[in-house]
Structure formats: C-alpha cells, structure tokens
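The values are calculated or read from the model by the stated rules, or taken from the named source; none is laboratory data. The structure presented is a predicted model; accordingly, all values stated were derived computationally and were not measured. Don't worry about glycine lacking a Cβ; one is built from the backbone with ideal geometry, like all the others, and counts go over all protein chains shown.
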Amino acid sequence: MDLVAQLNEIAVHFDNGMPLTVGNGGVVQPVTESVIPSHTGRGDQSEQRRQSEPSTRPWEETSGWKGSSKSSPGASPGAFRATSSTTSLVNSLTDYISQTKSELEYAYPQSHILTVDGGFWLIAESRLLIGVRPSALFAVAISEKMEKVKGWAFWHDPLIPTPNWIGPRHTNFKDGSICAFEPTDGTWIYGDPIVKLLDLYSSWAVRQLCLAYFGRWPGPQVGHYQGERLLETKEDELCPCGSMEKTYEQCCAVPDRSRGAVSSVVNYLTQIDNPPRRALPEVQNFVSSRSNPPDLEACLQARRLI
C-alpha cells in the first residue's frame, strides 16, 4: 500500500475513534475489524479520546542494548508489540536508562542514548509507515532532577541531509516541542516507560503527515486560544473544543468568528505565539550532528507548555 493510501486509512480511523496500533520501529497501523471491540453508546469523551490513540499489543522484554542502527533479530518493522509495565515508579536514573535501553532494542532499534549530568538525551527514529519515506526523528530530553521530559520531532529522509522540524501545528509555544497529549489527563507522566511516550509521538507524527498531505488534522484535538483556532483549524477538522462528533464549522467556528475575532488573532500573534514556534536551535544542531547534546536543564526550563 502506498503512502497516500496508508495515510487515508489511518486518517479515517482517527476521525472515527477507531483503534490503531504502534508496532516495532514506530510503524502506525489500523487495527483490523476482527479485533475491534464492540461498544454501545459513545460514552465519556475523555475515554473516547484515549481510545483513539494508537495502542500496542504485548511484546517480550529484552535484555541488553547494542545501540545499533540495525534492527534486532525478530524486531521486524510493524510487528505487533506493546506497552511494557505501566508503573511510573523509577528507583534511580540508572534504572530508568537501563529499562529504556532494554525496551528500545526491539521497539525502536534505531535509537541512541547519550547520558548527561542529571539525565539523558535520546534520539529515536520512527518509521511511521510501512515501506515509504519520510520517517520521524525524535530528540527527547529526560531530566531526573526536574522529573521532566520534553521531545522535539524532525522529518528524516536519507536524500535530505538536514532533518526538518515538524510543526508548528500541535507544538508547544516558544520552544516548538511536541504537544502529543494534554499534560493534565495522565496519558504519560515522568517515570512511565519511554517507549510508551515514543508511541504517542509516532501517533502524533503520523497525524502531522496526514496534515501535510491532506491539509487537515485527523481526529480529536485541543486548541486553547481563540486566535489559534481561527488561524489554524480547518472547517472540516474535529472541533478543538475536544468534540468527538462535530467539526469546527459545526461547533465553535461561528462563535469564534463573532466575538472579538480580530483582537484575538492579534493577541495570539503578538503575545502567545511570539516569537513564532520553531525548534530550539541547539536541539536542531544536536539532531543534525548526533553529537554534542545541549544543556538539559536549559532546554527544559520554564517555557510555557500548553
């Protein structure tokens, strides 16, 4: 199946709250009808939102990490695997790094960990789709001292020497980091398996690919600012109020346009998204060179996260 056909099928699943899975190498695929659970009623919206994110199936833990860019035996791209333990208890930074290395061997084999003072940096490649380009590179900063994690994403194509930042839609203001879920909903917290975070990032990156090819964001989304919604949300996308049923045009577009639309856009451009979102230059350079990791705390410092 070619790129557009894969993306179209994935977009339909996101828009309709149908389950997807993330396999080895970060490959996102729709779950076949034979394993889709039946539900009655629409239920709680927050629960539906969680169900629309890709899930994963059980996979065996591995020991040791070779740090290789080659796939480990048995880790065929797209093969079903899955969430490791959901416990968020981390005994030490050493344990967290060891756990992460072990899980990455099969889940994201093209990964590299660089240990720094107080934490570590991770660069992981996610293939996203089967047999097509581009893939995504995630640069993830993990700080034990701050108990904080933040990631940036870049398109990666062997034919293009410099990775290109993925954004600005659904990235955090000021620093252009990934906004793949609402921090307040408990989707992922510090100490949870890093592989689970990379799966969420892979889901987000595939939606970015849908946006690039089809001009619309598939599935549920959140837009906190009126100016943001007016400038970025397409009329046929699900409404950024979190609706699982109505498009922006059917829901919040009319009130957004009718109450202080011009002033909200001006405020958004001058106060909220100013300077415009982009990746931190030091992170961009790190991803390009795969060496000289930037200062961890400086990259994680108090920039507004939405």
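Points worth noting:
- From the list Gly151, Gly118, the one residue that fits, being at pLDDT 95 or above and touching a strand residue (DSSP E or B) at 6+ places or on another chain (Cβ under 7 Å), is Gly151.
- Unmet requirement for Phe214, which otherwise passes all of (1) more than 26 Å from Pro134 (Cα to Cα); (2) surrounded by fewer than 19 Cβ atoms within 10 Å (Cβ to Cβ); (3) aromatic (Phe, Trp, Tyr): (1)
- Residue list for region 163-200, filter: surrounded by fewer than 23 Cβ atoms within 10 Å (Cβ to Cβ) and part of a helix (DSSP H, G or I): Pro183, Thr184, Asp185, Lys196, Leu200
- Residues satisfying the stated conditions in region 257-266, i.e. modelled with pLDDT of 90 or more and surrounded by fewer than 16 Cβ atoms within 10 Å (Cβ to Cβ): Arg257, Ser258, Gly260, Ala261, Val262, Ser263, Val266
- Complete set of residues in region 150-165 that are touching a helix residue (DSSP H, G or I) at 6+ places or on another chain (Cβ under 7 Å) and of a type in the set (Val, Ile, Thr): Thr162
Residue by residue, here is whether (1) in the same structural domain as Lys148 (by TED's automatic domain parsing); (2) more than 19 Å from Asn172 (Cα to Cα); (3) more than 20 Å from the chain's Cα centre (by Cα) holds:
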site	(1), (2), (3)
Leu200	yes, no, no
Ala205	yes, no, no
Phe214	yes, yes, no
Thr233	no, no, no
Glu249	no, yes, yes
Val265	no, no, yes
Tyr268	no, no, yes
Val287	yes, no, no
